[in-house]
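Here the structure comes first, spelled out in structure tokens, and everything after it is commentary.
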Amino acid sequence: MADTTIPSRSTQTTTEIVWPRLGLRPVALLGLLALLIGVFLFSLTAGSVRIPLDNIITILLGGQPDRATWSNIVINFRLPKALTAVLAGAALGVSGLQMQTLFRNPLADPFVLGVSSGASLGVALVVLSVGASGTAAILVVSGLLSNVSLVVAACAGSSVVLAIVLLLARRVQSSITLLIVGLMIGYLTGAVVSLLIYFSVAERVTAYIAWTFGSFGGVTWSQMQVLAPTVLLGLIIAHVLVKPLNALLLGETYARSMGLPVQQVRFWILVSASILAGAVTAFCGPIAFLGIAVPHFCRSLLATSDHRVLVPAVTLLGATCAIVGDMIAQMPGSETVLPLNAVMALIGAPVVVWVLLRRNSIKASFAS
């Protein structure tokens, strides 16, 4: 089956030659950075209470705004939510890019391949399995220890599912079949979660269902002390892997001929993707479509498959898309808050359709 997202060797070489000559790589990345900063500052001004931009900057610099209550709104509510969106968008975008390269599949991402479902199961095992004990429930949902336990559980669940999918990918040649396997794993983990919900107390069930809608607004500063270092660790590993990811673009056989330790690279991609998807899922819920949409946006925008460009670009654009999606969900000027996953689906689902239509033959995709 032809893979439309993996370029030929000649295409890759041409791309790497054109970018330095045109000098567009740093310009494009600086443009994405400027866009992220602009959207980030605008998100701090928008909401049920509109705060002027000059007051936002004053608050961020430690000064006193025109109204004392504005400082509390920005520091304790809007700023942690915006930072969470930045971390989550960057993490999901980069993990989606890693999976699309590793599996050589344009529709791979943590949500579609069931990795987010595995992380959700890990969170459910921590939260719902102790729901019958009031003391245990309080221990799980509060304090630094509980935050770490949620991240560990989510990362463990996502890594187990990703390891299963990676093992099956060695036996399954069809991309569509692999996606179906991922969906089935998602249904299987969903069934286990349903059983946990059935035997849990009502308070824990309500909290878990609200968590599944997805939100960037529930992360506190104490939780940020766990989320931020975890995501940054996953992103650092991803940036270290840019050259091995470029080698994998041309297939494992070519990568081995270049002396690349493929098994070791697979392991570290597994670690990075699990950390990124697991940490975000633990604190923000299962966020769909960002992992699929953002890498394709960057490939089309920058006209390259070079991970030296794509990884930082996906980091910046993923953060920007997450903030924009959160602002749409918050509906500035209104008290209504939409489910974040519904908004992300409106953005990401058309991208999935577009990717399918770009294929030379959809029929051939199913026949392979």
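Any read-out appearing in this document is the output of simple, stated calculations on the displayed coordinates, not a laboratory observation. None of these values were measured; they are calculated from a predicted model. Quick reminder, even Gly has a Cβ in these numbers, built from the backbone with ideal geometry, and neighbours come from all protein chains shown.
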Could you tell me which of rounded, prolate or oblate describes region 31-367, using a ≥ b ≥ c as the square roots of the eigenvalues of the alpha-carbon gyration tensor, with rounded for a/c under 1.5 and, failing that, prolate when a/b is larger than b/c and oblate otherwise?
-> oblate
Work out from phi, with θ = phi - 60° and the Karplus expression 6.51 cos²θ - 1.76 cosθ + 1.60, the ³J(HN,Hα) of each residue of region 67-72, listed in order in whole Hz, and give x for Gly and Pro.
-> 10, 5, 5, 5, 4, 5
Pairwise FRET efficiency - ILE37 versus TRP354, Cβ, R0 = 30 Å, nearest 0.05 = 0.60
If the chain between LEU30 and THR336 were fully stretched, how many nm would it gain, using 0.36 nm times the residue separation less the Cα-Cα distance?
-> 106.7 nm
Given a Förster distance of 41 angstrom, what is the FRET efficiency for ASN76 paired with SER257, based on the Cβ-Cβ distance and rounded to 0.05?
-> 0.15
When you count, for each residue, the other Cβ atoms within 10 Å and take the mean per peptide, how do 233-242, 98-107, 261-270 rank with the highest first?
-> 98-107, 233-242, 261-270
Using the charge dipole of region 203-350 (Lys, Arg: +1 at Cβ; Asp, Glu: -1 at Cβ; taken about the Cα centre), state which of SER215, LEU340, PRO286 has its Cα farthest towards the positive end.
-> PRO286
Karplus-derived 3J(HN,Hα), 6.51/-1.76/1.60, for each residue of region 190-201, Hz, glycine and proline x = x, 5, 5, 4, 4, 5, 4, 4, 4, 9, 9, 6
